[in-house]
Amino acid sequence: TIQESAKAELGLTDDALALIQGLGAAVPMVLFSIPIGILVDRRNRVRLTIGLALLWTLGTLLTAFAPSAGLLTAARMLVGIGSTGSLTAALSLCADYCAPEQRGRAMLIVNLGKALGVALGFALTGWLFGMLTNVAAPGWLAELAPWRSAHVLLAAISALLLLPLLLPPVLFTSILD
């Protein structure tokens, strides 16, 4: 539903929309899988994951304000880089922190989380889009088309969920004690 609204607003053809979606997913996977894999091996994976999550959040926000097909493609590529890279880092963390006999289950949970996350993302986006189409958006979103407003809200939700990860680890240990 959202892609049809973006297509209509930006005057995109079906082919252009397919390129945006295809390039947005395929190019990051092809170009960045090896460099991100190297970073996963050489850098702090938790920090890298947080950085990649910030990248997909930025990509989601830029999606909301993209004025053209080219910038929309670039924004979707940021989302693709962040999501592909964070999965790589999560799988690497599982491999290191799980006992060999539990590794398969850990990997299964991460991959199921990815699949469920995508499904829930579609559901949440569709729900937000439907709500923003049928109900007047708050003042700060009123000027945007519903598909754009939905992406602003998705970026805000993602940023809010990332906030605890940006806190110093000392806070987590005191909260858990």
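The values are calculated or read from the model by the stated rules, or taken from the named source; none is laboratory data. Everything numeric in this text was worked out from a predicted model, so none of it was measured. Reconstructed Cβ throughout: ideal geometry from the backbone, glycine too, with neighbour counts over all protein chains shown. For the accessible areas, the whole protein counts, side chains as well, though only heavy atoms, and no ligand, DNA or RNA atoms are used. Shrake-Rupley method; radii C 1.70, N 1.55, O 1.52, S 1.80 Å.
Descriptive notes on the structure:
- Principal axes of segment 22-84: Cα extent on each, largest first, Å: 37, 21, 10
- Farthest toward positive dipole pole in the chain [+1 Lys/Arg, -1 Asp/Glu at C-beta], among 126, 107, 2: 107
- Solvent exposure, largest accessible area first (probe 1.4 Å, DNA, RNA and ligands not counted), of 56, 127, 147: 127, 56, 147
- Remark: segment 4-146 carries a charge dipole of roughly 560 debye about the Cα centre, counting +1 on each Lys and Arg Cβ and -1 on each Asp and Glu Cβ.
- When the Cα convex hull of the chain is projected onto planes of every orientation, the mean area is 12.2 nm².
- Residue-averaged [θ]222 nm for the chain, counting only DSSP H segments that reach four residues, each worth -39500 (n - 2.57): -29000 deg cm²/dmol
- The chain: angle of helix 146-166 to the longest principal axis, Cα-based, in degrees nearest 10: 20
- Contact order normalised by residue count of segment 1-151, Cα under 8 Å, 6+ apart, percent: 27
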